[in-house]
6 protein chains.
Amino acid sequence: MYHHVKRLMYTVNVGTPEPRFGNMLLEQFGGANGELAAALQYSIQGLNCDDPDRQDLLMDIGTEELSHLEIVGTLARMHLKPMKKSATAAESDPLVAIAGGGGATLCNSMGTPWTADYLKITGELDVDLRSNIAAEARAKIVYERLINFCDDPGTKDALQFLMTREIAHMKSFAFALDSLGKKPFSIGQIPPTPELVDQYFNDSTGVGDHGERDARGPWNSGNGWEFVEAPAFGEIRAGEGGRAEGKSRSAHR
Amino acid sequence: MYHHVKRLMYTVNVGTPEPRFGNMLLEQFGGANGELAAALQYSIQGLNCDDPDRQDLLMDIGTEELSHLEIVGTLARMHLKPMKKSATAAESDPLVAIAGGGGATLCNSMGTPWTADYLKITGELDVDLRSNIAAEARAKIVYERLINFCDDPGTKDALQFLMTREIAHMKSFAFALDSLGKKPFSIGQIPPTPELVDQYFNDSTGVGDHGERDARGPWNSGNGWEFVEAPAFGEIRAGEGGRAEGKSRSAHR
Amino acid sequence: MYHHVKRLMYTVNVGTPEPRFGNMLLEQFGGANGELAAALQYSIQGLNCDDPDRQDLLMDIGTEELSHLEIVGTLARMHLKPMKKSATAAESDPLVAIAGGGGATLCNSMGTPWTADYLKITGELDVDLRSNIAAEARAKIVYERLINFCDDPGTKDALQFLMTREIAHMKSFAFALDSLGKKPFSIGQIPPTPELVDQYFNDSTGVGDHGERDARGPWNSGNGWEFVEAPAFGEIRAGEGGRAEGKSRSAHR
Amino acid sequence: MYHHVKRLMYTVNVGTPEPRFGNMLLEQFGGANGELAAALQYSIQGLNCDDPDRQDLLMDIGTEELSHLEIVGTLARMHLKPMKKSATAAESDPLVAIAGGGGATLCNSMGTPWTADYLKITGELDVDLRSNIAAEARAKIVYERLINFCDDPGTKDALQFLMTREIAHMKSFAFALDSLGKKPFSIGQIPPTPELVDQYFNDSTGVGDHGERDARGPWNSGNGWEFVEAPAFGEIRAGEGGRAEGKSRSAHR
Amino acid sequence: MYHHVKRLMYTVNVGTPEPRFGNMLLEQFGGANGELAAALQYSIQGLNCDDPDRQDLLMDIGTEELSHLEIVGTLARMHLKPMKKSATAAESDPLVAIAGGGGATLCNSMGTPWTADYLKITGELDVDLRSNIAAEARAKIVYERLINFCDDPGTKDALQFLMTREIAHMKSFAFALDSLGKKPFSIGQIPPTPELVDQYFNDSTGVGDHGERDARGPWNSGNGWEFVEAPAFGEIRAGEGGRAEGKSRSAHR
Amino acid sequence: MYHHVKRLMYTVNVGTPEPRFGNMLLEQFGGANGELAAALQYSIQGLNCDDPDRQDLLMDIGTEELSHLEIVGTLARMHLKPMKKSATAAESDPLVAIAGGGGATLCNSMGTPWTADYLKITGELDVDLRSNIAAEARAKIVYERLINFCDDPGTKDALQFLMTREIAHMKSFAFALDSLGKKPFSIGQIPPTPELVDQYFNDSTGVGDHGERDARGPWNSGNGWEFVEAPAFGEIRAGEGGRAEGKSRSAHR
């Protein structure tokens, strides 16, 4: 059961409304990495969760994101207000101006309506927590970009609050994932095929005009990695004469 | 530049085609966590990437996912084939049967067309790597569920190959993230507000009929956490008499 | 600011889970006329509303719909649970089974993801109240159909609660519209063109094989109506000889 | 069966084309509350309708809306024409300019393609009539906003025609609903639960910084209403000591 | 201006309603290659067309497709009718049954709502005519598949009418394209680069397990073609030693 | 199996980045007629194709389009780069700037995410080849418009390469269709109804204010055509007195 209290979680002050910035703010209201996506992703994961302790975590943060949605919506509403009267302002977002009467709307900055396709919900707790950690990282960087494009101190102040909370949530989700005590790279029940899981396929090769190059790093050397030179490349050479030999065979056997 | 070789990365054998399972397989062909989503997410991140070493990683794995898409599509095509003739088979996926002529199609198992809304691309390398780690974890669990619902040994064998590679990719992305040497919970350039980032808001409280409860764990106690009893609850009590006192003030100030 | 309490607004009991019915229930979870659509339509109207009294109404009901979403989601989750294990159950909704792990998902019964395109928000208070009255009527009839297709007494009981509340909301919105004291058919500020607003264009004529016929009723006779015989028909006759004369001229001039 | 006559239902004159206004006009061509949505909503309701008299009404107005679509499309086409040559004009709507060659397109002003998600069709006649009344009210206010943002007298004149017809339709639908003789708030066959239908849940409480307040009005007092103080709030107090007493029990039992 | 006559363009008789087939029929009502797509593609091309003769063609066929939409919708409505009462029937398309009350709906057979993304409209007359020829070919084959999956003679008879008309339209569009007198492969005003337009890139090579092979035919030999062996392959060999020589150079210069 | 080589198929040089043009370029990256649509349409047709020779053609061109996607993406990335820092630049495409960090994104120029709804895949080889011919014609004209709106010589040069290749592909697809040796207007197996296939229905009649007129041409006269005067018009006259006589009967019987 939900209850709403008529106070914002963070007080919002806006100096001069800036419709173009109001339009940008919609990224965090009705956009792919915005507050509605966060609220619903966590709350629905929580609704379906069988682990009561981490279910509580999901519901706590899912509910907080609803309060953030309200803050972002209030900021957007204040910045979009000039669209009610001014044709110039309306050009920043004609959908908001003509169809929405100048209010906040569940679309992103380019008018694409919010869709549940943005959500990542698998019902596998550790997987969902990983999706949430990534989601908070994305939300943080989007707030940072909004702050960088913003001139109004009051707006920046509220965005700093919201941005900070994303990191707080990221920490909670990371601790919750650790607390499950799963081994690294262990997902679900079926183990991966032993040797194949340590192979790295070098499927993009060569050197490009803009500095592109073939690289080695801890993601494909050391750490038990077997480096498989381009499997398709082996096939191409085979096409010229015999079959490709060596490492590439193990990839397509 | 891309080249295609007319051999699958993994040989596919299907015993008795099972149209209903073919329909389920479309989750990994044209679904939210499927191979096209993986191929395009990594390849476009790679296209935009300024770090040539990790750009190579993104292109390697993005390209491998294209080869996986081909494998899943071949599996789906073989399982869907009876839809070309049989009305009963066609009922499993009328869109495939009537509009698509019984071939693999870029929709998920419920016929929803693939959309770029599935992709998570921010252009911030560490954030994108986190999104990729989560994406691989999701793909792994989806393959596991497909294996569990599958009776055909040849199909299971190919799915095991694909499932294993997702873990291999997950490892590469995790090592690549580590290799950036960023501090934990450090995203972008703007630091979060110091105390606020350590507060946990208890926004869902009480006890439910199905075992729901208010819980404490490393995600809200120890680790420097300040536990803030429900901010809105403080407001409600304040509404009854005076203003809420204490911790909840710091949340909405 | 929102707060969540870990009790459902209405206690839910489900006897034998029925996955196909669970799939149907998703219409009211992630469907066009479902609880998320209601919650967000009213809450965002409320966020943008300049009339504090009716804003309170919109927030009251918007928040109640969030609690309804939780009830429907819990019902759906219980009915969908067999999909976690059973391949037969999974065939009722492969997206839920394979991608969602058998939990409630923000899609409708055919797997279409929820979209903000379902919302009707104009920022014009009386218009929004009319949209809400219609929305409640639609939700009521959808619940009635679910009840008619349901065998489980506990589920029917919860659906009866939810269905009743839609009528309660419909009443509130109707009283709120009346309380604005607007004249009938008066929308916005610009008056309609006097005579034209009383013309009825008979644009579909003739008699059909399945009982279709040309009809008169209070919607096109009496009540000040001027009945204009098919404007295009006048043009067609005109094309045979001279120009159409009479009433049809006033329509297209 | 349909026939098209090569005359607009209303003659259209455009002075100086204004591409930005042409882009705004697309709201009524390919937008959520536009003429295609109206035409298809009523025509498909009519196709499915079992009541021959009101079926005729639905087909009459559904067909008229097709003629309106043609008018709006002609207006949009004339205003968008400069996009064929001018890069500056093209910036108002690059999709129209680059992909559509400067012609009217079935997208809204932000380029979102028209979708059947906009339609409200339940097959329950009185419910559909309510949806139509609300749809006409929305269309009216959108035309009013377009008129307010428009400088060209010829365009304003045509928009006034279209706006007026929406009110005419609204009247027809309202008389048709009345003529069904249904009791107020009576939808479908299953009656709502008696006492519960008269309860109003006060789910949003308190006082906000921008004038938000807890209000009473005919939508929650008098008229047989029982005012239920916030059900979740009762639960929260219960969480502090015993169970909540009184009205809130009846809400969630 | 449009007029509707209450007679179907082709009389429809349905024997025993078959809800699963009714669901399949929706492919031609609200599906990607269905009658609404055809009606709107041609009519909007016509609205924007500057060539009055072919504009008339586009309007003639666009209007006829509206009449076809009515026929398909009537067929679907009759086959879907059992969904009003029967839960078993409802399982064929729960969206139609629960949300739509058993009537035809603007979705495809998998419940995906119709979208203007299906339309191909460029505003370049010859290009649009090519898109229309292809669209009619697609619609023809979809009707053929529906006929093959249909047992009811009356339904087959109506589908044969509709299928035939698609070929009639295909012929008209082909003659209209020829009548423009454009040279083969001449699109727009800017000529293609001379030699490059005659090169064929062999970008997929090798031999596969299911009969895939590298082939030559009139699409890549004779007819002035220059056959360029895989450009990327040249790069790969170059990566082994020097730069690739020969034909492949001209491709990526 | 796919392999990627770190060289563009065509070298790209961009002078001064122009963010508004970068936004327009997205039409060919993530738009309806763009390179991803081409790559996936042909490659998936190829995956499902039973004719090994034309399957090779589909895979050759499908793979080449992936290399084109890379070129367009590189062009877009270079033109969009100023959005990383400049707020003015960001206003050209706030989604790219705020959510995407200034990189190329799989959306069109109005921010609509790429969707598989753009694809035309029926699994009927000759029909698919027709869809591909039309697709190449559309892509050609879109490139031409981009060239016309472009000032940068390096960008124009790369666009000329891409535009030329579309015509090369169009030729290949046309030769492949011819090589199937199908009779004109012969699609699938079921023959159209003999006389009906030669009837042309004059469903749009009259003369309009902007030069619209009723026309005759090879698409409705000669060539074996029977010209049927408006079928619905016949019905209207029939409604005035007796039934319509003559040709129109054969259309709707």
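The values are calculated or read from the model by the stated rules, or taken from the named source; none is laboratory data. Only a predicted model underlies this, so the values are computations on that prediction, with no experimental measurement involved. Cβ sites come from the backbone with ideal geometry, for glycine too, and all protein chains shown count toward neighbours.
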Any residue in the stretch B:186-197 that's facing another protein chain (nearest Cβ under 9 Å) and more than 12 Å from A:ARG145 (Cα to Cα): show its pairings with residues that are part of a helix (DSSP H, G or I) and of a type in the set (Phe, Trp, Tyr) at Cβ separation under 8 Å, as long as the two are six or more apart or on different chains. B:THR193/A:PHE161; B:LEU196/A:PHE161
Within the stretch E:35-51, the residues that are more than 14 Å from the chain's Cα centre (by Cα), part of a helix (DSSP H, G or I) and among the hydrophobic types (A, V, I, L, M, F, W, C) are E:ILE44, E:LEU47
For the stretch B:8-17, give me each residue that is away from chain F (no Cβ under 14 Å) and among the hydrophobic types (A, V, I, L, M, F, W, C). B:VAL14
For the stretch C:198-215, which residues satisfy the criterion of being within 8 Å of chain D (Cβ to nearest Cβ) and part of a loop (DSSP other than H, G, I, E, B)? C:ASP203, C:GLY211, C:GLU212, C:ARG213, C:ASP214, C:ALA215
When every residue in the stretch B:107-118 that is touching a residue at least 24 places away in the same chain (Cβ under 8 Å) and assigned to a helix (DSSP H, G or I) is compared, the one nearest to the other protein chains (Cβ to nearest Cβ) is B:ALA116
Yes/no for D:ALA32 being farther than 17 Å from E:GLY101 by Cα and in a loop (DSSP other than H, G, I, E, B): yes
Could you list, in sequence order, all residues of the stretch D:90-106 that are surrounded by fewer than 24 Cβ atoms within 10 Å (Cβ to Cβ) and either more than 11 Å from chain E (Cβ to nearest Cβ) or touching a Phe, Trp or Tyr at 6+ places or on another chain (Cβ under 6 Å) (or both)? D:GLU91, D:SER92
Closer than 30 Å to F:VAL207 by Cα and without any contact (Cβ under 8 Å) to a residue 60 or more places away in the chain - does that describe any residue in the stretch E:67-90? yes
Might you check whether a residue that is under 30 Å from A:ASP151 (Cβ atoms), in contact with a Phe, Trp or Tyr (Cβ under 8 Å, 6 or more places away or on another chain) and crowded, with 23+ Cβ neighbours inside 10 Å occurs anywhere in the stretch F:82-89? no
Across (1) of a type outside the set (Phe, Trp, Tyr); (2) buried (at least 24 other Cβ atoms within 10 Å of the Cβ); (3) in contact with a Leu (Cβ under 8 Å, 6 or more places away or on another chain); (4) assigned to a helix (DSSP H, G or I), F:LYS140 clears everything bar (3)
Between a residue in the stretch F:119-141 that is facing another protein chain (nearest Cβ under 7 Å) and within 27 Å of E:GLN189 (Cα to Cα) and any residue that is assigned to a helix (DSSP H, G or I) and among the small types (Gly, Ala, Ser), which pairs come within a Cβ distance under 6 Å, given they are 6 or more apart or on different chains? F:LYS120/F:SER131; F:ARG130/E:ALA134; F:ARG130/E:ALA137; F:SER131/E:ALA134; F:ILE133/F:ALA174; F:ALA134/E:SER131; F:ALA134/E:ALA134
I'm told E:MET78 meets every condition in (1) assigned to a helix (DSSP H, G or I); (2) touching a Gly at 6+ places or on another chain (Cβ under 8 Å); (3) surrounded by 24 or more Cβ atoms within 10 Å (Cβ to Cβ) except one. Can you identify the failing condition by its number? (3)
Scanning the stretch C:125-137 residue by residue, those charged (D, E, K, R) and surrounded by fewer than 24 Cβ atoms within 10 Å (Cβ to Cβ) turn out to be C:ASP126
Taking the options A:ARG54, A:ARG20, name whichever one is closer than 18 Å to B:ASN202 by Cβ, in contact (Cβ under 8 Å) with a residue 60 or more places away in the chain, more than 7 Å from chain C (Cβ to nearest Cβ) and assigned to a helix (DSSP H, G or I). A:ARG54
Among (1) within 9 Å of chain E (Cβ to nearest Cβ); (2) in a helix (DSSP H, G or I), which single condition is F:LYS156 missing? (1)
Test: residue in the stretch A:91-98 that is farther than 25 Å from D:GLU91 by Cβ and either of a type in the set (Ser, Thr, Tyr) or in contact (Cβ under 8 Å) with a residue 12 or more places away in the chain (or both): no
Which one of these is at pLDDT below 95 and farther than 24 Å from E:ARG213 by Cβ: F:ALA87, F:ALA116, F:ALA139, F:ALA104? F:ALA87
Selected residue (criterion: nearest to A:ARG145 (Cα to Cα)) from residues of the stretch B:198-222 that are exposed (fewer than 13 other Cβ atoms within 10 Å of the Cβ) and not acidic (Asp, Glu): B:GLY222
With respect to B:LEU26, determine if the residue is within 29 Å of E:ALA215 (Cα to Cα), assigned by TED's automatic domain parsing to the domain that holds B:THR122 and assigned to a helix (DSSP H, G or I). no
